[in-house]
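Colleague: I have a structure here, written as structure tokens, and I will follow up with some questions on it.
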Amino acid sequence: MAKKVAFLQGNEAAAQGALYAGCTFFGGYPITPSTEVAEVLSIELPKIGGKFIQMEDEIGAMASVIGASLTGAKVLTATSGPGLSLKQELIGYACIAETPVVIVNVMRGGPSTGMPTGPSQSDVMCAKWGTHGDHPAICLVPASVQELFEETVRAFNLAEKYRTPVMVMPDEIVAHMRERIVFPEPGEMEVINRTAPSVSPAEYKPYDTKFGDVPPLAAFGSDYRFHVTGLNKAEDGFPTTKAALVQAEEERQVRKVEANVDDIVTFEEYELADAEVVVVAYGSTSRSARFAVNEARKQGIKAGLFRIKTFWPFPDKQIAAIAGKAKAIITPEMNLGMCTQEVQRCAQGKASVSGIFRVDGEPINPGQILEKIKEVK
Amino acid sequence: MSFDYDKYIRPGKLPHIWCPGCGHGIVMKGLIRAIDTLGLEKNNTAIVSGIGCASRLPGYLDFCTLHTAHGRAAAFATGVKMAKPEMNVILVGGDGDGTAIGGNHFIHACRRNIDMTYIIMNNNIYGMTGGQFSPCTPTGAKASTTVYGNPDPAFDVAKLAIGAGATFVARGTAYHATQIDKLIVEAVQHKGFSVVEILDDCPTTYGRRNKFKSVIEMMNRLKDVAVPVKAAEKMTAEQLEGKILTGVLYKEERPNYTDEYAKVIERAKK
């Protein structure tokens, strides 16, 4: 039987991806250019007995999804830059309380209100450093409508697997473009559910490290009663200020992600085998970059593309390997050099790194990238 | 026979953090008695709080307990209740947590009339951070950030709740300890968003700055200012000057949020 095919907008695909992954709760607050995610789910969730709630503000939206997640639901919220800023307080809460939540953040211009309908890639640092304290960060940066669907499914899987918030961050172009999408059949894509406790309710501890770095999570309203707090906590979930415990817990929370980078980090390599000039790009910019690389190859320049699909954790070792082989790296991005700094950090001076930065609400076009490739070759 | 509070206290979690003379312990005992009267199932009851002295209360109780971020209790609790409407959800917190940083979540929980009970322990001050003034600190009172006297007008929590759409609003005091559980019982039984404001005292950061010589003196103030709503009906405006009404102040029947959303699901499935 032929697979279901549709012509969808990116945001609509994100909503469909959430449903495929088993999302049953959406709490949000309207903000351009992410609103279609909420609109689609307000229609689709009640059809399957799921819940949609439009909260009073972004902070309330984030709080509602954490509360719902603790009852065992798979949860989603969607926002954009200024909303992400407001959500940061409780993204930190979800990190320390180790509650799975998925956040679709459509990147628009900034800081502050910026350009509500202008594309941008300037929230990538906010995804890692926005909330205070040390914490894990997982952030996916899809480049097409199909990928926005698939990466949203993967975001749910990672959130449930590692008990942590996961962000899906399309730029406005990817979120608002319409493309052909082929829906996977049920069961075709992996769907991961959080690990339920194997011990009796009396023995259950929500952060019991004897089950590894990601302890099983029970649900409120089941047979298990437990305490959740935003304070530094011991394995039973109750606050502690014992130095050794706090240190160990913080390290474990970060380690959940850092020790599993190979499971989490995804990327695409294109024409890299003999590339002397490598374009490192993500989101819609990577599509212009692919076009530019093809043009450069036609003109006899050995160009290649490394497409970042998982921005956090950053693909450190892959970039370091490229820097060890290529002469020059070009990082086009719709901000003033956020990814470029990371690439420079990984390259450690082994290859020249130069950026193309646009923050004027216009996409970076292939011509600009091609010009830069010729300049550095 | 004395009441067995231990049945509801988490083993090993006492002593509590509250100062001698604090009213929060009286409220906690009232809440426990109310839960016992109502026969709420431990596994099916979530107690949610924000930040501050009062917000430590859930940790002492053997239920599904959630100590959230400053002011966010109502929003977290809304998520819990929406996702699992069959759960009993009770919120506890202080006046600063609920009406300042949490003001927006509070008024919207009232407006939605979501079926939860919010117990606001109003001691007129930010206790845990050292006695800064709150939206409920009386005008002219001393706080660590109003040493010249508080210039701000104070919120009337009950009026705020009624104005925002809460369908059950009651007020009690920590002095009138036996009334607390009765008000909470009625609030939890009410189908919709219920608010129970309980006036209590912070001798440590409010009393000593505002010339209360002792805890007893603060308690006596609560006794003196409280007037039951029934008794108030027979009193003149002059007699009511400076008094605070206690008891069930407001009650109405209005569709509640999760029941209404269940209808949305029914319509969507057609």
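The values are calculated or read from the model by the stated rules, or taken from the named source; none is laboratory data. The structure displayed is predicted, hence computed values, not measured ones. Glycine also receives a Cβ, built like all others from the backbone with ideal geometry; neighbour counts cover every protein chain displayed. All accessible areas refer to the heavy atoms of the entire protein, side chains included, with ligands and DNA or RNA removed. Shrake-Rupley method; radii C 1.70, N 1.55, O 1.52, S 1.80 Å.
Colleague: Taking the condition of being assigned to a helix (DSSP H, G or I) and either surrounded by fewer than 20 Cβ atoms within 10 Å (Cβ to Cβ) or acidic (Asp, Glu) (or both), how many residues in segment A:21-51 meet it?
Modeller: Residues in segment A:21-51 being assigned to a helix (DSSP H, G or I) and either surrounded by fewer than 20 Cβ atoms within 10 Å (Cβ to Cβ) or acidic (Asp, Glu) (or both): 7 in total.
Colleague: If residue A:16 satisfies every condition in (1) more than 10 Å from chain B (Cβ to nearest Cβ); (2) open to solvent by 30 Å² or more (accessible area, probe 1.4 Å); (3) more than 20 Å from the chain's Cα centre (by Cα) but one, which is the exception?
Modeller: Single failed check for residue A:16: (3).
Colleague: Identify, please: which residue in segment B:1-14 is surrounded by fewer than 17 Cβ atoms within 10 Å (Cβ to Cβ) and of a type in the set (D, E, K, R) and is, among those, nearest to residue B:93 (Cα to Cα)?
Modeller: Across segment B:1-14, the extreme among qualifying residues is B:13.
Colleague: Condition first: without any contact (Cβ under 8 Å) to a residue 40 or more places away in the chain, touching a helix residue (DSSP H, G or I) at 6+ places or on another chain (Cβ under 6 Å) and at the interface with chain B (Cβ under 9 Å from one of its Cβ atoms). Now tell me which residues in segment A:226-237 satisfy that.
Modeller: Within segment A:226-237, just A:227 meets the criteria.
Colleague: Right, next: Conditions: (1) more than 24 Å from the chain's Cα centre (by Cα); (2) closer than 26 Å to residue B:50 by Cα. Residue A:250 meets all but one. Number of the miss?
Modeller: Just one mismatch for residue A:250, condition (1).
Colleague: Enumerate the pairs (first residue in segment B:9-23 and within 13 Å of chain A (Cβ to nearest Cβ); second residue anywhere and among the charged types (D, E, K, R) and not in a loop (DSSP other than H, G, I, E, B)) with beta-carbon separation below 6 Å, excluding pairs fewer than 6 apart on the same chain, so at least 6 apart or on different chains.
Modeller: B:17/B:56
Colleague: Does any residue of segment A:62-73 turn out to be more than 7 Å from chain B (Cβ to nearest Cβ) and either in a loop (DSSP other than H, G, I, E, B) or open to solvent by 10 Å² or more (accessible area, probe 1.4 Å) (or both)?
Modeller: Within segment A:62-73, one or more residues are more than 7 Å from chain B (Cβ to nearest Cβ) and either in a loop (DSSP other than H, G, I, E, B) or open to solvent by 10 Å² or more (accessible area, probe 1.4 Å) (or both).
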